1. How much accessible surface does residue 7 have with a 1.4 Å probe, in Å² rounded to 10?
2. Does the range 6-97 come out rounded, prolate or oblate, given a ≥ b ≥ c as the square roots of the eigenvalues of its C-alpha gyration tensor, rounded meaning a/c under 1.5 and, failing that, prolate meaning a/b above b/c?
3. What residues have an amide H closer than 5 Å to that of residue 15, excluding those fewer than 5 places away on the same chain, when H is modeled at 1.01 Å from N in the peptide plane?
4. Could you compute the net charge surrounding residue 67? Neighbours are other residues with a C-beta less than 13 Å from the C-beta of residue 67; K and R count +1, D and E count -1.
5. Can you give me the P(r) profile for the range 11-61? Cα pairs, bins 10 angstrom wide beginning at 0, each as a whole percent.
6. Put a dot 7 Å past each Cα toward the Cβ at residue 19 and residue 95; how far apart are the dots in nm?
7. Can you give the net charge of the other residues whose Cβ lies under 15 Å from the Cβ of residue 17, counting K and R as +1 and D and E as -1?
Amino acid sequence: MSLNKVILIGNVGKDPDVHYFEPGQSVAHFSLATNERGYKKTDGTEIPERTEWHYITVSRQNAQFVEKFVKKGSGVYVEGKIRYRDYLDKENVKRRYTEIYADKVEFYITDRRPEGAETKETPLVAPPTDVPPPPTSADDLPF
């Protein structure tokens, strides 16, 4: 058995770039920053905060959600799988490219407080797209 699963919570670095191939078929790309807090070791050595940047690829209905609602600075939860692609650069040198293919993208709101204070984190889930709308009148109720 094997598993390729990535979960990231961070902030969007720039507005998503969306490409359309045919009606209903789109792909969105955006960068996501995740941060590790700095700390001080017991021997007094200070470890600075570290920011990692991730390249996120989203398709289908998730791409439409990203296009409409995700903007630079948005806090998002991303769940997906890691993929590697090889390419040749301008000098004909083989390079490896890492990206996250997202299966799920949701808003994630973080109530930031001064350093040292507790942080309250709350996920905000996007509404599912496959759920029918609620009945508009009492005659439409199924019972």
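1. 100 Å²
2. The shape class here is oblate.
3. Placed amide hydrogens put 72 under 5 Å from residue 15.
4. +1
5. In whole percents, the pair-distance histogram is 22, 32, 20, 14, 9, 3.
6. Here the answer is 1.6 nm between the modelled labels.
7. Its environment carries a net charge of +1.
The values are calculated or read from the model by the stated rules, or taken from the named source; none is laboratory data. None of these values were measured; they are calculated from a predicted model. Cβ atoms come from the backbone with ideal geometry, glycine included; neighbour counts cover every protein chain shown. Areas reflect the complete protein model, heavy atoms only, side chains present, ligands, DNA and RNA absent. Shrake-Rupley method; radii C 1.70, N 1.55, O 1.52, S 1.80 Å.
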